[in-house]
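Right, one structure below, let's go through it.
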Amino acid sequence: MLLKLSDVTKKYEIGETTITALGGVSLSIDSGEFVSIMGPSGSGKSTLLQVASLLSAPTGGSIELKGKDIGQYNEVDRAKLRNQEIGFVFQQFNLLPKTSALENVALPLVYAGVDSDERKKRATEMLERVGLGDRLSNGPAQLSGGQQQRVAIARALINNPSLIFADEPTGNLDSKSGEDIKQLLIDLNKEGKTIIMVTHENDDAAIAKRLITFKDGLLRKDEPMPASYKKYLKK
């Protein structure tokens, strides 16, 4: 088992009001899985991603990664573990605007203490892997949305993470670029990468092998990808 959440809660205090974003969630993810997480706005799916990926600490419950209890790590320890074990792909790309594709991809290696020559070598190889070997010096403004997302995926992969979290990865892309990114995620999963993807779109969810559905801060369904979703897959 790669990731295990046990009775995880997340609450926010707004004035005198307590908002329960997660009401006690338990689930486990094995290495090599591809999981889609769906639910209406405010259902808790994005909060789950933030907590499971260590971007935010849970209010209660436990989180285990590779058998180690990490739920109550402080921010410094969470940041170190994120850099070592977790890759992120966001809807908004989150690339540094005045920085080249090569430098954006190499950034996690800076935090990991990798020397300059090795950073350049590994970032170049990763950009070549996602089909952008000819765009190393281009900044985000010189890249299409699909190309920017490929840079973001290369950055997510650069430290060979155990887990990739993708939050609406095709949400800002045109149909063609979205299909390209979905195929890249499928290929990465076939290579053994573990992917947890939050999405609103049925056709995006359909590329995963397992579907988790949230509502009102609770996990409502956890099932193999339903056969009915096959109709959303592009032929």
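The values are calculated or read from the model by the stated rules, or taken from the named source; none is laboratory data. Note that the structure is predicted; figures quoted are calculated from it, not measured. Using ideal geometry, Cβ is built from the backbone for each residue, glycine included, and neighbour counts are taken over all protein chains shown. For the accessible areas, the whole protein counts, side chains as well, though only heavy atoms, and no ligand, DNA or RNA atoms are used. Shrake-Rupley method; radii C 1.70, N 1.55, O 1.52, S 1.80 Å.
In summary, GLN142 fulfils each of the numbered conditions (1) more than 20 Å from the chain's Cα centre (by Cα); (2) open to solvent by 40 Å² or more (accessible area, probe 1.4 Å); (3) closer than 22 Å to SER162 by Cα with the single exception of condition (3).
Give the residues of segment 152-176 that are more than 17 Å from ASN94 (Cα to Cα) and not hydrophobic (A, V, I, L, M, F, W, C), sorted by residue number.
Matches in segment 152-176: ASN159, ASN160, PRO161, SER162, ASP174, SER175, LYS176.
The set of residues in segment 156-191 being under 27 Å from LYS121 (Cα atoms), touching a Phe, Trp or Tyr at 6+ places or on another chain (Cβ under 6 Å) and part of a strand (DSSP E or B) consists of PHE165 alone. For segment 44-62, a tally of residues being more than 17 Å from the chain's Cα centre (by Cα) and surrounded by fewer than 21 Cβ atoms within 10 Å (Cβ to Cβ) returns 4.
Each row is one residue, and each column tells you yes or no for (1) free of Cβ contacts under 8 Å to residues at least 60 places away in the same chain; (2) out of contact with any Leu (no Cβ under 7 Å at 6 or more places or on another chain); (3) surrounded by 23 or more Cβ atoms within 10 Å (Cβ to Cβ).
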| site | (1), (2), (3) |
| --- | --- |
| ASN138 | yes, yes, no |
| GLN147 | yes, no, no |
| ARG150 | yes, no, yes |
| ALA156 | no, yes, yes |
| LEU173 | yes, yes, no |
| SER177 | yes, yes, no |
| ASN189 | no, yes, no |
| VAL198 | no, no, yes |
| THR213 | no, yes, no |
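Applying a threshold of 6 Å to beta carbon distances and a minimum spacing of six or more residues, or different chains, the list of pairs starting in segment 58-71 at a residue that is under 13 Å from MET1 (Cα atoms) and ending at one that is open to solvent by 60 Å² or more (accessible area, probe 1.4 Å) reads GLU64/LYS4. Taking segment 1-19 as the range and being open to solvent by 40 Å² or more (accessible area, probe 1.4 Å) and touching an Asp or Glu at 6+ places or on another chain (Cβ under 9 Å) as the test, the residues that pass are MET1, LYS4, ILE19. Is there a residue in segment 124-132 that is in contact with a strand residue (DSSP E or B) (Cβ under 7 Å, 6 or more places away or on another chain), surrounded by fewer than 21 Cβ atoms within 10 Å (Cβ to Cβ) and either without any contact (Cβ under 8 Å) to a residue 24 or more places away in the chain or under 30 Å from GLY24 (Cα atoms) (or both)? Looking through segment 124-132, none of the residues is in contact with a strand residue (DSSP E or B) (Cβ under 7 Å, 6 or more places away or on another chain), surrounded by fewer than 21 Cβ atoms within 10 Å (Cβ to Cβ) and either without any contact (Cβ under 8 Å) to a residue 24 or more places away in the chain or under 30 Å from GLY24 (Cα atoms) (or both). Scanning segment 159-167 for residues that are surrounded by fewer than 20 Cβ atoms within 10 Å (Cβ to Cβ) and of a type in the set (Asp, Glu) turns up nothing. Residue check: TYR111 meets all listed conditions (1) at pLDDT below 95; (2) within 28 Å of HIS200 (Cβ to Cβ) but one, namely (2).
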